[in-house]
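The values are calculated or read from the model by the stated rules, or taken from the named source; none is laboratory data. Just so we're clear, the structure is a prediction, and the values are computed from it rather than from any experiment. Virtual Cβ from ideal backbone geometry, glycine too; neighbours counted across all protein chains shown. Heads up: the accessible areas ignore ligands, DNA and RNA and are worked out on the full protein's heavy atoms, side chains in. Shrake-Rupley method; radii C 1.70, N 1.55, O 1.52, S 1.80 Å.
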Amino acid sequence: MEWNAESLRRDGFAPIGSYAAIGDGRTAALVAADGTIDWMSAPRFDSEPVFGALLDPGRAGRFVLRPEGPFTATRAYVPDTNVLETTFRTATGAVRVRDALTLTARMSPWTELARVVEGVEGEVPMRWEVVPRIGWAARPPLWTRHQDVPVAECGGALALTVHAWDAGEPSLSDDALRGAFTARAGERAVLAMGAFANQPLLLARREDVEARIEETVAFWKTWIEPLDYDGPYREAVCRSALALGLCLHRETGALVAAPTTSLPEQIGGPRNWDYRYCWLRDTGLALDAFVRLGLRQLDHTTLSWVLEATRRTHPRLAPCYTLDAAPLGRQQSVDVPGWRHSTPVYDGNQAGGQLQLGSWGDLMETIWHYVRVGNALDHATGVRVAELADHLTLIWRNADAGIWETGDDQRDYTRSKVSAWMTLERTIALHELGEVPTGDPRRWAAVRDEIRAFVEDRCWSGERRTWLRDGDGSGELDASTLLLGRVGFSDERRLSSTIDAIRDELGAGGPLLFRATKMMGKEGAFIACSFWLVDALARCGRLDEAHEVFDGMLAVRNDVGLLSEEVDPSTGELLGNIPQGLSHLSLISAATALDEAERAQREGRTTSRSAQAAG
């Protein structure tokens, strides 16, 4: 895809789909197709932004690198990496820019943003500017020089160094550092920004920066190399796994839902959430995805983070936690215009205080996937699992906020009840394996059966032949019921008729689905739901339909293969935070479900696992 820089932005805002992401396992940056980095929090995902023009193009910071005058741009990641290459073409020549947040096998204690400009054809006048701003207030930093290296003191403990080699002499004006140069074929210029929090300032050498860029390429290639998937969607699966790598916090094993905040689910609408935190749901799905793909690097670290986070609220569970495994309780709106004036903009997320029965199932899925690949629980963790199951037997009848976190509409959501059922089912299985040494499995089994009876009686419509959103008599549908086959609750017959009902009522055109009846018209189509549809179709043996939906969803991705949370069904424009972990996790799950179903069909086995526990 070729981007025209002249028409890319509207009132300073670039389309959400125009962003590529780079990351180092500590934070991430969004690079627009015109070469401007409009988003980067430092030093971590959940810090305030130093580049925040994504949400506030008038005041907030950015890092511009672009040709002078009109140009077009094409871009792609270096194969099997999260290193971005953008080729700019002008009337006088072409240049290639390689962008990376550098990382190596041994994680450095600082963040380094490196940008290398290579002349490809002719001569291209280039300009750049580094415009950091401090936090949501977008205050300018104090610029100083250390050994002739510009340094932006950003208040508190954060300082930024800026190096420019063969990129013109940096000059400071209007609280921005700027430079200009001409890129000629065969020549290279290097820009590097270091971010240091409570640390001495490392004044880098050019050769070291360039070496770290190559090490970053090698790191990602090594990271993705064990990927074990040879199905027809390998490129998409590989890119989604790498996108998840951009959401992983290497120091703790935590997975942020997305590295951004407050990108809207509907332009101008109020549903703008901060996703720079860690949901148990995503963690369980991630561990499952990585196990299925043979990416075993994070099994122990990720489960250890989950167990530490949930220990702090035991036996209660919060839906989401901070990177430091602490309960997430704060949410405040900040005085920022928001992407295309979509407000409010949030710092923090109040979902951490909700009751979501699905959280117990999400935790149990994480533990289950850890054990089923040959790992074991320690005695204390096994005891905690039993205590969590005991607590769930006492609260499962409570109405909750559900998977969509509708804190103002607590109900007996079908998916929540089924998640409670699955938790007890998994706990009993772990007890039989000797991983849960205490507790009363007969009591768990009795409550499990009670939950099943509740769902069968209250949440299934025999007249409409579909699973309903809830057991409260609303009669509404919810695409999350497509997951009932994945956890082994729904038989194939009921799952198949539910598929038809959901496509009929929640269809948003082509492969797209709205996530629930009550959400229609209030937001875009929810990307993960379409991949859940693929998964469900595959489990029902409806493989041609599953491929048709999957192929349609591949066209939803942007030009570098990234997915946000939602898409506007009328325009195809991506909406919501990007890259969205749940969207990419669901893509992987759908691809592996299709692969398993086709393999089973070739071998003459059943094409559905929906009548048994997944795993």
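Roughly how many whole Å is it from the C-alpha centroid of the range 1-37 to that of the range 144-200? Between the Cα centre of the range 1-37 and that of the range 144-200, the gap is 21 Å. The aspartates and glutamates within cross-link reach of LYS221, meaning a Cα-to-Cα straight distance under 12 Å and a gap of 8 or more places when in the same chain, are ASP80.
Rg and Dmax over the alpha-carbon atoms of the range 478-558 stand at 11.8, 36 Å.
Sparse packing (at most 16 other Cβ atoms within 10 Å of the Cβ) combined with a DSSP loop state is found for the following GluC sites (Glu not before Pro) in the range 129-191: GLU187.
For the range 123-154, list residues with backbone N below 14 Å from a point placed 7 Å from the Cα of SER173 toward its Cβ? Flagged as within label range: 128-130.
Backbone geometry of the range 88-99 corresponds, through the Karplus equation with coefficients 6.51, -1.76 and 1.60 at θ = phi - 60°, to 3J(HN,Hα) couplings of 9, 10, 10, 5, 10, x, 9, 9, 10, 10, 10, 10 Hz, x marking Gly and Pro. Would you work out which of PRO344, VAL383, SER416 lies farthest towards the positive end of the dipole of the range 328-436? Charges go on Cβ: Lys and Arg +1, Asp and Glu -1. Value: PRO344. Could you tell me which of rounded, prolate or oblate describes the range 376-421, using a ≥ b ≥ c as the square roots of the eigenvalues of the alpha-carbon gyration tensor, with rounded for a/c under 1.5 and, failing that, prolate when a/b is larger than b/c and oblate otherwise? Cα axes put the range 376-421 in the prolate bin. Kirkwood radius, the chain, all distinct C-alpha pairs, inverse of mean reciprocal distance: 25.0 Å. As a calculated quantity, the FRET efficiency between ALA555 and GLU432 at R0 = 45 Å, using C-beta atoms, amounts to about 0.50. Just so you know, the Rg over Rh for the range 22-99 is 1.01, from Cα atoms, with Rh as the Kirkwood radius. Only helical runs count toward this figure. For the chain, summing -39,500 (n - 2.57) over DSSP H runs of n ≥ 4 and dividing by all residues gives -10000 deg cm²/dmol at 222 nm. Taking amide H positions as modeled 1.01 Å from N, with prolines and chain starts lacking one, the residues under 5 Å from ARG66 and 5 or more places away or on another chain are ARG127.
Loop-resident GluC sites (Glu not before Pro) (DSSP state other than H, G, I, E or B) in the range 1-98 with no more than 12 further Cβ atoms inside 10 Å of their Cβ: GLU2.
As a length-normalised measure over Cα pairs under 8 Å and 6 or more apart, the relative contact order of the chain settles at 12 percent. Size check on the range 399-507: the Cα extents along the three principal axes, sorted descending, read 46, 33, 21 Å. Here the chain has 47 percent of its accessible surface on carbon and sulfur atoms, given a 1.4 Å probe and all protein chains in place. Between rounded, prolate and oblate, where does the range 390-446 land on the alpha carbon gyration tensor, with a ≥ b ≥ c its root eigenvalues, rounded for a/c under 1.5, else prolate if a/b exceeds b/c? Prolate. Protein heavy-atom accessible surface, 1.4 Å probe, per residue over the chain: 35 Å².
At an R0 of 30 angstrom, the distance between the Cβ atoms of LEU394 and ALA326 translates into a FRET efficiency of 0.75. Annotation for the range 478-538 versus the range 317-373: alpha-carbon center distance of 23 Å. As a calculated quantity, the FRET efficiency between ASP409 and LEU201 at R0 = 41 Å, using C-beta atoms, amounts to about 0.20. Magnitude of the charge dipole for the range 451-550, about its Cα centre and with charges confined to Cβ atoms of Lys, Arg (+1) and Asp, Glu (-1), is about 140 debye. In terms of the Cα gyration tensor, with a ≥ b ≥ c the square roots of its eigenvalues, is the range 128-223 rounded because a/c is under 1.5, prolate because a/b exceeds b/c, or oblate? The shape class here is oblate. Relative to one another, the C-alpha centroids of the range 65-142 and the range 541-557 are positioned 34 Å apart. About its Cα centre, the range 368-412 has a charge dipole of approximately 260 debye under the convention of +1 per Lys or Arg Cβ and -1 per Asp or Glu Cβ, with nothing else charged. Working note: Karplus 6.51/-1.76/1.60 with θ = phi - 60° gives the range 256-273 the couplings 6, 4, 6, x, 10, 10, 6, 6, x, 7, 8, 4, x, x, x, 8, 10, 10 Hz, where Gly and Pro are set to x.
Among the GluC sites (Glu not before Pro) in the range 517-593, which ones are in a DSSP loop with at most 16 other Cβ atoms within 10 Å of the Cβ? Mind listing them? Listed in order of number, the matching sites are GLU573. Between ARG296 and ASN375, full extension at 0.36 nm per residue minus the direct alpha carbon distance yields a gain of 27.3 nm. Note that the range 487-504 has calculated 3J(HN,Hα) couplings of 9, x, 8, 8, 6, 5, 4, 5, 5, 5, 6, 5, 3, 5, 5, 5, 5, 6 Hz, one per residue in order, obtained from phi through the Karplus relation 6.51 cos²θ - 1.76 cosθ + 1.60 (θ = phi - 60°); glycine and proline are x.
Here's how it looks for ASP472: its modeled amide H is under 5 Å from those of ASP412, which are all 5 or more places away or on a different chain.
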